[in-house]
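**Student:** After the structure tokens below, expect a handful of questions from me.
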Amino acid sequence: MTSSLNNKHISPKSLFLLDAIGALLTVVCITFVLKPIEFHIGLPANTLNVLAAIAGLLSMYSFFCFFFLKSSWGSFLFIIGAGNILYCIFTTILLIIHAETISMIGLSYFLAEMGIITWLAITEFKTGIHYDTTR
């Protein structure tokens, strides 16, 4: 299947790879870009470490699915979609907790990241429904 922005033709395997690379990119950005300038971001290093660790776990899960899954795509897509939504909810809670210190740069980064992740999660849910073998 070919990739399409209208979500109708994105294969599960492509979604897992996209998710894995995106989550890995999040780990790299948080660890090597945001942490060194945490004072300008407005989130403490330990908070950034937690977000990077969660993104790392999501990346490992998606890479595992990409390399080893051969069938039953639907349930695994639901799991990563839910993980992505939970990451966004957790990030939102952290942004609210640190509302007094978060900078516009930090807020902009995390809002953009959550927008992308939410789009990806919705796409994973839609694709998961299409490939769900339990229906």
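**Student:** Any idea how many residues of the range 106-124 are under 14 Å from Phe16 (Cβ atoms) and in contact with a Phe, Trp or Tyr (Cβ under 8 Å, 6 or more places away or on another chain)?
**Tutor:** 1
**Student:** Here is a follow-up. Does the range 16-23 contain any residue that is of a type in the set (D, E, K, R), under 17 Å from the mean Cα position of the chain (by Cα) and either more than 16 Å from Leu120 (Cβ to Cβ) or crowded, with 19+ Cβ neighbours inside 10 Å (or both)?
**Tutor:** Yes: one or more hits.
**Student:** Something else: Pull up the range 93-122, narrow it to residues that are farther than 21 Å from His40 by Cβ and free of Cβ contacts under 8 Å to residues at least 40 places away in the same chain, then point me to the one that is farthest from the chain's Cα centre (by Cα).
**Tutor:** Ile93
**Student:** What's the number of the condition Leu48 fails, among (1) under 25 Å from Ile129 (Cβ atoms); (2) free of Cβ contacts under 8 Å to residues at least 40 places away in the same chain; (3) buried (at least 18 other Cβ atoms within 10 Å of the Cβ)?
**Tutor:** (1)
**Student:** OK, next. Quick one: Pro44 ticks every box in (1) touching a His at 6+ places or on another chain (Cβ under 9 Å); (2) closer than 16 Å to Met114 by Cβ; (3) not basic (Lys, Arg) bar one, so which box is it?
**Tutor:** Single failed check for Pro44: (2).
**Student:** Quick check: anything in the range 76-83 exposed (fewer than 13 other Cβ atoms within 10 Å of the Cβ) and either in contact (Cβ under 8 Å) with a residue 40 or more places away in the chain or not charged (D, E, K, R) (or both)?
**Tutor:** No, the range 76-83 contains no residue that is exposed (fewer than 13 other Cβ atoms within 10 Å of the Cβ) and either in contact (Cβ under 8 Å) with a residue 40 or more places away in the chain or not charged (D, E, K, R) (or both).
**Student:** While we're looking at this one, here's another question. Looking at Thr118, Thr123 in this structure, which one is under 14 Å from Ser11 (Cα atoms) and at pLDDT 95 or above?
**Tutor:** From the options Thr118, Thr123, the qualifying one is Thr123.
The values are calculated or read from the model by the stated rules, or taken from the named source; none is laboratory data. Values in this document were obtained by computation on a predicted structure and should not be read as measured data. In this analysis, Cβ positions are derived from the backbone assuming ideal geometry, glycine residues included, and neighbour counts consider all displayed protein chains.
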